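Here the structure is laid out as structure tokens; the discussion comes afterwards.
The values are calculated or read from the model by the stated rules, or taken from the named source; none is laboratory data. Small disclaimer: the values here were computed from a predicted structure and weren't measured. Cβ sites come from the backbone with ideal geometry, for glycine too, and all protein chains shown count toward neighbours. For accessibility, only protein heavy atoms count, side chains too; no ligands or nucleic acids. Shrake-Rupley method; radii C 1.70, N 1.55, O 1.52, S 1.80 Å.
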Amino acid sequence: MSLSLTRAGFLTSVQDLGRNGFRQFGVSLGGALDVFALRVANLLAGNDESDAGLEITLGGLRMRFEDKRVIAWCGGEFDVRVGSTPLPAGHSCLLNADDELTINQPKVGCRAWLTISGGIDVPFVLGSRSTDLRANFGGLDGRALRDGDGLPLGKQSEFSRSLIDLLREQRVASWSSPAEWSSSAKTETVLRIIRGVDWSRFNDVTIQRLTRDAFVVSSDSDRMGVRFDGPELRRNDDVDLVSEAVAPGTIQVPPNGRPILLLGDCQTIGGYPKIAHVITVDLPLAAQLRAGDRVRFSEVSIADAYRFLLERERQLERFRIGLSLHDS
Amino acid sequence: MKITPLGDSALTVRVDDRFKDAPEKTLKEVLNVVRRLEDAHIPGVIELAPAYTTVGVFFDPIRVINCAVEPGSVVEWITQKICEGLAHGKRKQGGRAVARVVEVPVCYDPEFALDLDHVAQHAQMSAKEVVDLHRATDYLVNCIGFTPGFPYLAGLPEKLATPRHATPRKEIAAGSVAIGGRQSGIYPLRSPGGWNVIGRTPLRLFDPQTNPPALLRAGDRLRFQAISRQEFETWTF
């Protein structure tokens with residue numbers, strides 16, 4: 001069974017939790033830029049958290065299903081409908097055979113993650129179904145989806161089947177994930193940072209600028225990183241650093257002084273100074289940034305970074321348990 | 001040895017800052033750290049990413065916290081485990097993994113060698129002299145990065161060092177053998193790039209359908225072997 005995309009949208013790709021274990025060979029982590037959103041949406045569809053879904057950038061999709069499926073989505077403020085019925089974020093929704101699902105441009109934010117019960121059943125490549133758009137492998141033929149593509153869907157879980165029964169009449173579930181999980185998009189975003197190893201290479205004026213000024217997102221941003229048009233961050237020295245590992249969340253400063261916030265598709269090693277890192281729990285906010293958005297950075301301790309992450313993981317655990325009560 | 005956080009989900013183990021003085025010794029130490037940390041099986045560690053002078057240690061903080069670690073002590077805990085792993089490894093260190101020697105066939109045909117004349121001009125040599133020097137040299141794979149499977153090679157003869165192009169080419173063919181400043185490398189995939197291309201190998205340096213997916217890894221020794229255009233066209237693996 002499959003789903004067919006009449007319109008594939010601006011940039012849509014198959015993504016799961018990413019590809020670990022191959023950084024030493026230069027292979028990026030990849031995966032959903034908001035892994036948390038994908039996990040929540042997978043739970044709502046009755047899937048394993050690690051199943052593959054669609055990462056949708058700026059909408060523009062139309063698709064049809066061959067059979068009954070539960071779907072869910074999380075992310076920016078998108079207008080998602082089946083026929084004329086709106087499907088809100090963070091809800092389990094039933095789609096019948098031949099229903100047409102449309103996903104329009106977001107009012108706020110940039111990306112959404114759509115999951116379908118059974119998951120998208122493309123082959124694993126190096127342990128993941130994620131599409132590596134730069135190296136062209138994984139996902140569907142290693143590329144972004146195109147109009148007319150068909151996507152294979154996996155076998156639905158018992159829980160998905162019971163959800164289909166449960167949603168027969170109402171179509172949209174009365175329960176949902178917490179609202180703040182599915183509205184990660186903001187018009188002015190604050191990203192919390194911890195210091196990078198090269199923090200002290202920058203003078204006080206530059207550090208003040210980093211932690212006080214608003215940075216404007218450049219149109220030159222993509223899954224590799226968010227680029228900023230300004231303000232510029234000047235370095236004290238211009239030494240060439242030897243390349244070393246970088247990670248999603250790393251903020252590096254190239255010689256032109258315009259910082260780059262690395263995202264999931266970033267290269268494995270880099271030689272620019274690392275002034276700071278956005279904490280893991282705030283990477284979902286970074287995934288919603290689009291050209292012209294304003295961003296501020298606020299310093300926290302690494303201990304707090306772990307507390308926030310642990311708190312969110314515990315909330316997800318409670319949500320997972322709550323959801324399983326519907327399985328009866 | 002200095003260990004610093006790389007965000008909240010990784011640490012950087014800094015083996016040596018004196019890379020330029022002793023690249024080969026530093027690389028050996030980096031690979032030693034990788035082996036010792038692999039053997040240490042630290043809970044929560046996902047993978048290790050060696051580069052010139054460092055090893056990136058990527059971990060899952062939630063799995064670390066689940067080992068009864070307070071959120072405020074994650075970095076201290078994992079740093080201590082790394083230090084223990086390195087100390088323990090030192091004691092049992094004896095045999096060293098033998099470096100592989102990989103022969104890479106290269107066709108220096110003018111159609112592939114877009115910048116051979118430029119490199120020759122810069123070196124004040126003939127194109128043939130450049131090729132002869134290039135293939136008579138032993139190289140060392142320092143690390144893999146930039147794109148999947150891309151080897152950063154050390155050992156380029158000083159004479160052949162040629163600055164990168166001010167404006168990178170939009171597209172460089174897969175297999176292109178190139179010089180960027182004092183470094184040398186091979187483009188495994190078609191990609192943009194600013195290095196000087198002097199030849200092309202028919203070998204596939206990156207194949208996601210195999211595991212490991214890259215032909216080369218850090219620590220390998222490499223030697224180029226000149227092949228004719230006809231051998232390039234009919235190359236079989």
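Taken together, the residues in region A:187-204 that are within 14 Å of chain B (Cβ to nearest Cβ) and open to solvent by 60 Å² or more (accessible area, probe 1.4 Å) amount to 4. As a summary of the residue check, A:Met63 satisfies the conditions (1) over 16 Å from A:Asp121 (Cα atoms); (2) open to solvent by less than 30 Å² (accessible area, probe 1.4 Å); (3) assigned to a loop (DSSP other than H, G, I, E, B) except for the one numbered (3). Among the residues of region A:236-266, those identified as open to solvent by 10 Å² or more (accessible area, probe 1.4 Å), among the polar types (S, T, N, Q) and more than 8 Å from every other protein chain (Cβ to nearest Cβ) are A:Asn236, A:Asn256. At least 2 residues being within 22 Å of B:Asp138 (Cα to Cα) and open to solvent by less than 60 Å² (accessible area, probe 1.4 Å) is the threshold, and among the strands (runs of 3 or more DSSP E) wholly inside region B:152-237 those reaching it are B:176-180, B:183-186, B:196-200, B:221-227. Filtering region A:70-96 to residues that are of a type in the set (Ser, Thr, Tyr) and surrounded by fewer than 24 Cβ atoms within 10 Å (Cβ to Cβ) leaves A:Ser84, A:Thr85. Taken as a whole, the condition of being in contact with an Asp or Glu (Cβ under 8 Å, 6 or more places away or on another chain), over 16 Å from B:Ala226 (Cα atoms) and modelled with pLDDT under 95 does not apply to B:Leu156.
For region A:17-32, what are the residues that are of a type in the set (A, V, I, L, M), open to solvent by 20 Å² or more (accessible area, probe 1.4 Å) and either more than 14 Å from chain B (Cβ to nearest Cβ) or over 22 Å from A:Leu153 (Cα atoms) (or both)? A:Leu29, the sole residue that qualifies.
Any idea how many residues of region A:35-51 are closer than 25 Å to A:Gly83 by Cα and part of a loop (DSSP other than H, G, I, E, B)?
Matching residues across region A:35-51 total 3.
Filtering B:Val106, B:Val130 for residues that are over 21 Å from the mean Cα position of the chain (by Cα), surrounded by 23 or more Cβ atoms within 10 Å (Cβ to Cβ) and in contact (Cβ under 8 Å) with a residue 24 or more places away in the chain leaves a single hit, B:Val130.
Among the criteria (1) within 13 Å of another protein chain (Cβ to nearest Cβ); (2) farther than 21 Å from A:Gly31 by Cβ, the one A:Ile269 does not fulfil is (2). The residue that is farthest from B:Asp8 (Cα to Cα), counting only those in region A:184-218 that are small (Gly, Ala, Ser) and touching a residue at least 12 places away in the same chain (Cβ under 8 Å), is A:Ser218. I'd like the full set of residues that are closer than 29 Å to A:Phe25 by Cα and in contact with an Asp or Glu (Cβ under 6 Å, 6 or more places away or on another chain), limited to region A:276-301. Once the filter is applied, which keeps residues that are closer than 29 Å to A:Phe25 by Cα and in contact with an Asp or Glu (Cβ under 6 Å, 6 or more places away or on another chain), region A:276-301 yields A:Ile279, A:Thr280, A:Pro284, A:Ala287.
Just one of (1) more than 14 Å from chain B (Cβ to nearest Cβ); (2) of a type outside the set (Asp, Glu); (3) under 20 Å from the mean Cα position of the chain (by Cα) fails for A:Asn136. It is (1). Taken as a whole, region A:99-106 holds no residue that is on the phi > 0 side of the Ramachandran plot and either among the small types (Gly, Ala, Ser) or open to solvent by 10 Å² or more (accessible area, probe 1.4 Å) (or both).
Among the numbered conditions (1) touching a residue at least 60 places away in the same chain (Cβ under 8 Å); (2) open to solvent by 90 Å² or more (accessible area, probe 1.4 Å), tell me where B:Asp117 comes up short. B:Asp117 satisfies all of (1) touching a residue at least 60 places away in the same chain (Cβ under 8 Å); (2) open to solvent by 90 Å² or more (accessible area, probe 1.4 Å) except (1).
Report whether or not A:Leu233 is in a loop (DSSP other than H, G, I, E, B), without any contact (Cβ under 8 Å) to a residue 60 or more places away in the chain and touching a Leu at 6+ places or on another chain (Cβ under 7 Å). Yes; evaluated as a whole, the condition is true for this residue.
Look through A:Ile164, A:Ile120 and report the one residue that is open to solvent by less than 10 Å² (accessible area, probe 1.4 Å), among the β-branched types (Val, Ile, Thr) and either modelled with pLDDT of 95 or more or farther than 30 Å from A:Asp237 by Cα (or both).
A:Ile120 is the lone residue from the list that is open to solvent by less than 10 Å² (accessible area, probe 1.4 Å), among the β-branched types (Val, Ile, Thr) and either modelled with pLDDT of 95 or more or farther than 30 Å from A:Asp237 by Cα (or both).
Considering region B:5-27 alone, what residues qualify as being touching a residue at least 40 places away in the same chain (Cβ under 8 Å) and more than 9 Å from every other protein chain (Cβ to nearest Cβ)? Matches in region B:5-27: B:Leu11, B:Val13, B:Val15, B:Pro23, B:Glu24, B:Leu27. The set of residues from region B:50-78 being more than 9 Å from chain A (Cβ to nearest Cβ) and either open to solvent by 20 Å² or more (accessible area, probe 1.4 Å) or aromatic (Phe, Trp, Tyr) (or both) comprises B:Phe59, B:Asp60, B:Arg63, B:Asn66, B:Cys67, B:Ala68, B:Glu76, B:Trp77. Checked against the criterion of being among the charged types (D, E, K, R), in contact with a strand residue (DSSP E or B) (Cβ under 9 Å, 6 or more places away or on another chain) and without any contact (Cβ under 8 Å) to a residue 60 or more places away in the chain, the candidates B:Glu231, B:Glu171 yield just one match: B:Glu171. When residues in region A:266-303 are screened for being in a helix (DSSP H, G or I) and either touching a residue at least 24 places away in the same chain (Cβ under 8 Å) or under 19 Å from A:Met224 (Cβ atoms) (or both), 8 of them pass. When we screen A:Leu310, A:Leu261 for residues that are touching a helix residue (DSSP H, G or I) at 6+ places or on another chain (Cβ under 8 Å), in a helix (DSSP H, G or I), closer than 24 Å to B:Ile3 by Cα and not small (Gly, Ala, Ser), the only hit is A:Leu310. In summary, helices (runs of 4 or more DSSP H) completely within region B:14-105 and bearing 2 or more residues that are outside the structural domain of B:Leu205 (by TED's automatic domain parsing), acidic (Asp, Glu) and modelled with pLDDT of 90 or more occur at B:23-40, B:74-92.
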